[in-house]
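Inspection log for the structure reproduced underneath, given as structure tokens.
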Amino acid sequence: MTWRLCLGLALGLMSGLWIGCASPQVHGLPQGQTAGLVPMPASLKLRGENSQGRGFRSDGVLKVSWPEHWAMTPMEAWLTHAGLAWSRSHRDDAQVLWSHTDQPLGPEGYTLTVENDRVVVEAQDAEGAFRAWTTLRQLMPAVCEQGCPRGFELPAVAIQDSAYLAHRGLLLDCCRHFMAPSFVKDMIDALALQKMNVLHWHLTEDQGWRLPIEAYPKLTEVGGVRTEADGTVHGGAYTKQDIAEIVAYAAERHVTVVPEVELPGHSRAALAAYPWLGCTGDTLPVPHNWGVFKDVYCAGNDSTMAFLKAVLDETCEMFPSEVIHIGGDEVPKVRWAECPKCQAKMAELGLHSEAELQTHFINEIGAHLARKGRRIMGWDEILEGGLPEGAMVQSWRGMDGAVEATHLGTDAVVSPTSHCYLDYPLRSTDLEEAYSFVPLPEEAMGHEGQIVGGECNMWSEHAPQHLVMSKVFPRATGLAEVFWSGPAVTQQPGAYDAFLVRLDALSQRWGFLGVTPGLEGVPVEVDVQPDTQGQVAVTVRPAIRNAGGLVTFTPDSEMPSAEVLRGRVGETLRVSGIGSVDVDVAMRGRKAGVVERFPVAGHLGAHRPLELSYVPSVHYTGGGPQAMADGRRGSLDFRDGAWQAVQGQDMMLTVDLGEPKALEKVQVQCYLYQDAWIFLPREIRWEVSQDGDHFDLLGSTQANDVLAPDGRQTVVPFSLEGGGKQARFVKLTMVNAGVCPAWHDAATEPSWLFADELVVLGR
Ligand code: ACM
Ligand code: ZN
């Protein structure tokens, strides 16, 4: 038994009474049917075997009673779906009794007791009752999600529970990729089951406008459709009927839909529909590439303001939420700086900067919404020209915005990129990292403003609908526990391991609910060690629980003499030549449908002494000073930890092979991703030497001005034949491309140079 019980509970069990404890009692590894409880309730007491308390056994016929004025529609539908012969009864006959109580149970609080074939739930209102229903549902066997008409059993428990944070949300970006209304409802169901209560619905963006506005039909007709780089068309928009159904569906589950209408930036789709909304009036397409665009709503044009007010009026008709999210993030000010209308507005109002113009603009929007009884929320950039009156702040660039907001006396919601961005790969934020999040930093405590909530953000640039569930879950489940249960649960020693056990139990339900979770973390990692010169020892190891799989080394097509090697996770392959190790990942011995690729190279320079003429960026060290000759090569993910990079500098490096070798080929690969300011080197030079002092040119390549098609992320290898030339030292110089070119959004900023690895093949 690994439960740690508080003194109150121990006494309670001994005396047969339930006695409350101030903090959660159940830590350690959960077990039995309570194992599926996620998030963990504030207090969970099990009836021990030494007490007379019996649990609950149903033969499939169920009498249920609840107060007349509480709508329990989702529970009714679920009981019917589970095939149970249930009926609404008088409270005295009820096996499952829902009661109103005036006891202060805390926000969304409830008590739930299962004992002697009776379930009793008490709550102050229907919202608390709904949260209790999700707990009761998680206590029932997972198979009931599909049907348990012959009945089920429940363990004897007493639960007391309430919410740590009032606002527990998921941002769903249905703009970059449109998501079907039925999918949005599935998501709401999955969130509600984990006691999340906000769907922050991102409905307008550069790459797509999805919100139906009768006054401006072209927003969806023109702004809702884009032509992708390959010529295919991506489009979609919700109807008012879709939205009414989704809002009602969410409300039944006590989930508030907070719509986000982005302004003044991220507005290219609107400008495509109505070019007069922008500063230049230029007709622009709905973009198909990602990033931050210079063209935004004109802040000096009264017609643009009137347009936005009309859009928000219709938005308020569709969404009853008190909070309306107005975006406010990532607004370049270059158009405003050049626009006569914007400049005239600044002069008229005596504003000193474009940041102040943004605050004025948002203030006017905020005042309009306040007259309708609504409150605006915006991303933390809205603080930059002074906090717009009454605005709530959503902190995404770390926690500073939230701290500043609380100091300024307003409320904040936290969703920092460090823990809450579910579009980020597992390599940046895995489940354990998400679960470790502490949403209330000390600096934000004790001020008039408060951190009232947390959100996880699912931006969909790289996630069409079929990938979204696997990015959201299980990380959103970890964050649901962070937001509902709080640090009293999540920061306990051993809490993460206990959470994983409960997550496994919860996951059994997901198969029935349209939730297809992804992995907890990057499943495997690669270790490349020195072997004989010209060869490296490559071992793939599991990086999360239950991970394994088959490992294959395949040489690059340019390497006809190298062999294909095969093994398993945990075994070592001896690799010579350039190629990639592919891991066909298995979880618990079953294929996970995930292939992890690690480019490697066994070569003469691997793990040999290396001299660098530069200091790599602290963000891209490649893992250390040996990174450019460690046998591991960078992958298509420039954040994989293998790439080494500098900004605005050249890279020069020399490897010492120890003794003269006959060179067959040298190679380096560089990264190209112009949207992230990463360009190919202007020139690559190879030099060789016998003594390390006098170098001869082996060859050079000009790569100036090469661009990736459609701005895609690309790895570009640069190889040179060695012709059998004898050399002990090989020097590689990569000349930086200089500043980003004039057409680039970051024109005049120093560009990045990414490289890995200096490969030397020969004998
Ligand atoms: C954001 O991620 N741009 C709020
Ligand atoms: Zn303007």
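The values are calculated or read from the model by the stated rules, or taken from the named source; none is laboratory data. What you see is a predicted model, and the numbers here were worked out from it, not measured in a lab. With ideal geometry, Cβ positions are generated from the backbone for all residues, glycine too; neighbour counts draw on all protein chains shown.
Here the range 331-353 is the region considered, the condition is being surrounded by fewer than 17 Cβ atoms within 10 Å (Cβ to Cβ) and either closer than 29 Å to ASP411 by Cβ or among the hydrophobic types (A, V, I, L, M, F, W, C) (or both), and the residue that is farthest from ligand 2 (Cβ to nearest atom) is HIS352.
In the set LEU698, LEU680, LEU758, LEU732, only one residue is in contact with a helix residue (DSSP H, G or I) (Cβ under 7 Å, 6 or more places away or on another chain) and hydrophobic (A, V, I, L, M, F, W, C); that residue is LEU758. Checking the structure you have, find out if any residue of the range 549-562 is aromatic (Phe, Trp, Tyr), closer than 23 Å to PHE483 by Cα and modelled with pLDDT of 95 or more. Scanning the range 549-562 turns up no residue that is aromatic (Phe, Trp, Tyr), closer than 23 Å to PHE483 by Cα and modelled with pLDDT of 95 or more. Among the residues of the range 314-325, those that are out of contact with any Phe, Trp or Tyr (no Cβ under 9 Å at 6 or more places or on another chain) and outside any helix (DSSP H, G or I) comprise PRO320, SER321, GLU322, VAL323, ILE324. Looking for something assigned to a strand (DSSP E or B), within 22 Å of the chain's Cα centre (by Cα) and under 19 Å from ALA310 (Cα atoms) - is there at least one such residue anywhere in the range 179-198? Within the range 179-198 (the criterion being assigned to a strand (DSSP E or B), within 22 Å of the chain's Cα centre (by Cα) and under 19 Å from ALA310 (Cα atoms)), the answer is no, since none of the residues qualifies.
When you check ASP400 against the structure, is it at pLDDT 95 or above, of a type outside the set (A, V, I, L, M, F, W, C), within 13 Å of ligand 1 (Cβ to nearest atom) and more than 14 Å from GLY453 (Cβ to Cβ), yes or no? No: the conditions fail for ASP400. Just so you know, in the range 701-711 the residues that are in contact with a Phe, Trp or Tyr (Cβ under 8 Å, 6 or more places away or on another chain) and not β-branched (Val, Ile, Thr) include one that is nearest to VAL688 (Cα to Cα), and it is ALA703.
Take the range 442-467 and flag every residue that is away from ligand 1 (no atom under 16 Å from the Cβ), in contact (Cβ under 8 Å) with a residue 60 or more places away in the chain and either over 25 Å from LEU513 (Cα atoms) or under 12 Å from the mean Cα position of the chain (by Cα) (or both). Passing the criteria: ILE451, VAL452. In a residue-by-residue description of the range 688-708, the property of being within 36 Å of the chain's Cα centre (by Cα), of a type in the set (Gly, Ala, Ser) and under 30 Å from GLU228 (Cβ atoms) applies to at least one position.
Among the residues of the range 424-439, are any within 12 Å of ligand 1 (Cβ to nearest atom) and either in contact with a Lys or Arg (Cβ under 8 Å, 6 or more places away or on another chain) or assigned to a loop (DSSP other than H, G, I, E, B) (or both)? Taking every residue of the range 424-439 in turn, at least one turns out to be within 12 Å of ligand 1 (Cβ to nearest atom) and either in contact with a Lys or Arg (Cβ under 8 Å, 6 or more places away or on another chain) or assigned to a loop (DSSP other than H, G, I, E, B) (or both). Here ILE324 passes the criteria (1) of a type outside the set (Phe, Trp, Tyr); (2) buried (at least 18 other Cβ atoms within 10 Å of the Cβ); (3) over 25 Å from ALA229 (Cα atoms); (4) out of contact with any helix residue (DSSP H, G or I) (no Cβ under 8 Å at 6 or more places or on another chain) except the one numbered (4). Could you please let me know if ALA156 is more than 30 Å from SER87 (Cα to Cα) and either hydrophobic (A, V, I, L, M, F, W, C) or free of Cβ contacts under 8 Å to residues at least 12 places away in the same chain (or both)? Considered against the rule, which asks whether it is more than 30 Å from SER87 (Cα to Cα) and either hydrophobic (A, V, I, L, M, F, W, C) or free of Cβ contacts under 8 Å to residues at least 12 places away in the same chain (or both), ALA156 comes out as no. Yes or no: the range 648-659 includes at least one residue that is surrounded by fewer than 17 Cβ atoms within 10 Å (Cβ to Cβ), within 28 Å of GLU461 (Cβ to Cβ) and of a type in the set (D, E, K, R). Among the residues of the range 648-659, not one is surrounded by fewer than 17 Cβ atoms within 10 Å (Cβ to Cβ), within 28 Å of GLU461 (Cβ to Cβ) and of a type in the set (D, E, K, R), which makes the answer no. Residues in the range 675-698 that are crowded, with 22+ Cβ neighbours inside 10 Å and within 17 Å of TYR620 (Cα to Cα): ILE678, PHE679, LEU680, PRO681. State all residues of the range 92-116 that are surrounded by 14 or more Cβ atoms within 10 Å (Cβ to Cβ) and over 30 Å from GLY453 (Cα atoms); if no residue qualifies, say none. Scanning the range 92-116 gives ALA94, GLN95, VAL96, LEU97, VAL114, GLU115. Filtering the range 406-438 to residues that are in contact (Cβ under 8 Å) with a residue 60 or more places away in the chain and over 24 Å from GLY518 (Cα atoms) leaves only VAL413.
Just name the residue that is nearest to GLU76 (Cα to Cα) out of those in the range 121-173 that are of a type in the set (Gly, Ala, Ser) and under 29 Å from the mean Cα position of the chain (by Cα).
Of the residues in the range 121-173, the ones of a type in the set (Gly, Ala, Ser) are 123, 126, 128-129, 132, 142, 147, 151, 156, 158, 162-163, 166, 169.
Now narrow it down to the ones that are under 29 Å from the mean Cα position of the chain (by Cα): 128, 132, 142, 162-163, 166, 169.
On the way: GLY128: 16, ALA132: 14, ALA142: 17, SER162: 23, ALA163: 24, ALA166: 26, GLY169: 25 Å.
The residue in question is ALA132.
Which of the residues belonging to the range 502-554 are assigned to a strand (DSSP E or B) and surrounded by fewer than 20 Cβ atoms within 10 Å (Cβ to Cβ)? Within the range 502-554, GLU525, ASP527, GLN529, PRO530, ALA537, THR539, ARG541, PRO542, LEU550, THR552, THR554 qualify.
Residue count for the range 272-311 under the criterion of being in contact with a strand residue (DSSP E or B) (Cβ under 9 Å, 6 or more places away or on another chain) and in contact (Cβ under 8 Å) with a residue 24 or more places away in the chain: the result is 19.
Here is a yes/no grid of residues against (1) more than 16 Å from TYR297 (Cα to Cα); (2) of a type in the set (D, E, K, R):
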residue: ARG335; (1), (2): no, yes
residue: ALA355; (1), (2): no, no
residue: HIS360; (1), (2): no, no
residue: HIS407; (1), (2): yes, no
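Determine whether LEU199 is under 30 Å from ALA142 (Cα atoms) and crowded, with 24+ Cβ neighbours inside 10 Å. Taking the combined requirement at face value, the residue satisfies it. Of the set (1) of a type outside the set (Val, Ile, Thr); (2) touching a strand residue (DSSP E or B) at 6+ places or on another chain (Cβ under 9 Å); (3) at pLDDT 95 or above; (4) not in a loop (DSSP other than H, G, I, E, B), all apply to GLN33 but (3). Being assigned to a strand (DSSP E or B), at pLDDT 95 or above and in contact with a helix residue (DSSP H, G or I) (Cβ under 9 Å, 6 or more places away or on another chain) is true of LEU653.
Here's the yes/no breakdown for (1) within 20 Å of GLU364 (Cβ to Cβ); (2) within 16 Å of ligand 1 (Cβ to nearest atom):
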| site | (1), (2) |
| --- | --- |
| GLU262 | yes, yes |
| GLY278 | yes, no |
| GLY291 | no, yes |
| GLU338 | no, no |
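Take the residues of the range 296-308 that are within 15 Å of THR204 (Cα to Cα) and away from ligand 1 (no atom under 16 Å from the Cβ): which is farthest from the chain's Cα centre (by Cα)? Filtering first and then ranking leaves PHE307. In summary, ASP497 fulfils each of the numbered conditions (1) without any contact (Cβ under 8 Å) to a residue 24 or more places away in the chain; (2) farther than 29 Å from THR572 by Cβ; (3) acidic (Asp, Glu) with the single exception of condition (1).
Test LEU165 against the stated conditions and say whether it is part of a strand (DSSP E or B), at pLDDT 95 or above and not acidic (Asp, Glu). Give the steps one after another, and end with the answer.
Numbers: part of a strand (DSSP E or B): no; at pLDDT 95 or above: yes; not acidic (Asp, Glu): yes.
Answer is no for this residue.
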